[in-house]
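Everything below concerns the one structure shown next.
The values are calculated or read from the model by the stated rules, or taken from the named source; none is laboratory data. Since the structure is predicted, the reported quantities are computational estimates derived from the model, not experimental observations. Every residue, glycine as well, gets a Cβ built from its backbone with ideal geometry; the counts of neighbours run over all protein chains shown. Just so you know, the surface numbers come from the protein's heavy atoms only, side chains and all, with ligands and any DNA or RNA stripped out. Shrake-Rupley method; radii C 1.70, N 1.55, O 1.52, S 1.80 Å.
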Amino acid sequence: MLKVGVLGAGHLGKIHLRLLNQSEKYELIGFYDADIIIGKKVAAEFGYTYFDNINDLIDAVDVVDIVTPTLSHYECAKKAMERGRHVFIEKPITNTLEEAENLLALEQKYKIKGQVGHVERFNPAFTAVKESINLPMFIETHRLAEFNPRGTDVPVVLDLMIHDIDAILSVVKSKVIGIKASGVSVLSQSPDIANARLEFENGCVANLTASRISLKNMRKSRFFQKDAYISVDFLEKKVEVVRMKDAPEIPGDFDMILQNAEGVKKQIYFENPAITENNAILDELESFADAILEDSIPMVTLQQGTEALKVALQIIAAFENKSVLN
């Protein structure tokens, strides 16, 4: 079992503590929070060991799980990496691209492993169809949430949309060459609603919408590719896969057949991939343990986390510039 310590005991930090405590791949040593009152309260309530010195916790573990506010990700990760500790960092990887690139250099220098907490990669609906997403040419995503003051210290792009940015980059193996975006601040100092259009070198276009002031929650993505339409509902853990193939010469009574203007006939059929219930946060944490123990590449590398942050920051820049090209 890998010895692990958690930095940050807020809402998500407490979830990580609970899951790490029950994991068979980790031994939870304790946690650190800069707020001593919160730290002692969580320790008293749940029985986890509280460290009032961040360096003492880092020295006592093999893996550091960073669940602090984004602004402190870099300093926390830097401290851990310089002591040779593997790091799991909640998304977004850092607050700035320069910080993320510095962490990439530290990862190489100290020969440690890092993973970024893009948890939707482990969503059972997404994992059920990811291998079926092949060269999508149009993607549409909607990630809408009811207002919650937690997370409003960053724009909605870094709070919500970055989930979809990472998922898209994981299936579109092409360079982003153009970005158009708009964002509106309603309740926060930073944009609460955003829309972005990403254009890829291979011709794929992705249209992303995110809002944190909606009346209902929604987390849906749709992928359109040659002969297939794939819909992923990250919230309800449901998928729809609609495919097309050449129609049989003699269709069955219940076959769905379409014919285009040229007379070509296609048969529409539906697939129902099996979806296995899971705890995505536990899965991502344990996948990182596997990568360390097996000396394999983490499921969401620091490089991938950096690429997602880069696109997110370009979207935010495009709010003012209207268009951004690489």
- Fraction of beta bridges assigned by DSSP in the chain that are antiparallel (%, nearest 5): 65 percent
- Ordering Arg143, Arg219 from largest to smallest accessible area (1.4 angstrom probe), what's the sequence? Arg219, Arg143
- Structure-derived volume of the Cα convex hull per residue in Å³: which label, when the choices are [x] 163; [y] 150; [z] 131: [x]
- Just from its helices, what would the mean residue ellipticity at 222 nm be for the chain, if runs of 4 or more DSSP H residues each count -39500 (n - 2.57) and the sum is divided by every residue, rounded to the nearest 500 deg cm²/dmol? -9500 deg cm²/dmol
- Full-extension gain in nm, Thr49 to Glu82, via 0.36 nm per residue minus C-alpha separation: 9.5 nm
- Return the whole-Å distance between the Cα centroid of region 208-262 and the Cα centroid of region 55-129. 35 Å
- Query: Where the only charges are on Cβ atoms (+1 Lys, Arg; -1 Asp, Glu), what is the dipole of the chain about its Cα centre, to the nearest 20 debye?
  - Reply: 520 debye
- Given pairs Lys111/Lys220; Lys79/Lys180; Lys109/Lys173; Lys173/Lys238; Lys3/Lys310; Lys78/Lys216 and cut-off 30 Å on Cα-Cα distance, the over-length ones are Lys111/Lys220; Lys79/Lys180; Lys3/Lys310; Lys78/Lys216
- Note on the structure: Per-residue accessible area, 1.4 Å probe, largest first, puts Glu101, Glu131, Glu284, Glu201 in the order Glu131, Glu201, Glu101, Glu284
- Query: Using a Gaussian network for the chain with springs between C-alpha atoms less than 10 Å apart, which of these wobbles most: Asp56, Asp255, Asp283?
  - Reply: Asp255
- At a 1.4 Å probe radius, carbon and sulfur cover how many percent of the accessible area of the chain? 50 percent
- Message: Please check: in the Gaussian network model of the chain (C-alpha springs, under 10 Å), which one of Pro92, Pro155, Pro251 has the largest mean-square fluctuation.
- Response: Pro251
- Length released on extending from Met218 to Lys109, taking residue separation times 0.36 nm less the Cα-Cα span: 35.1 nm
- Task: Mind checking the per residue accessible area of the chain for me, 1.4 Å probe, whole number of Å²?
- Result: 49 Å²
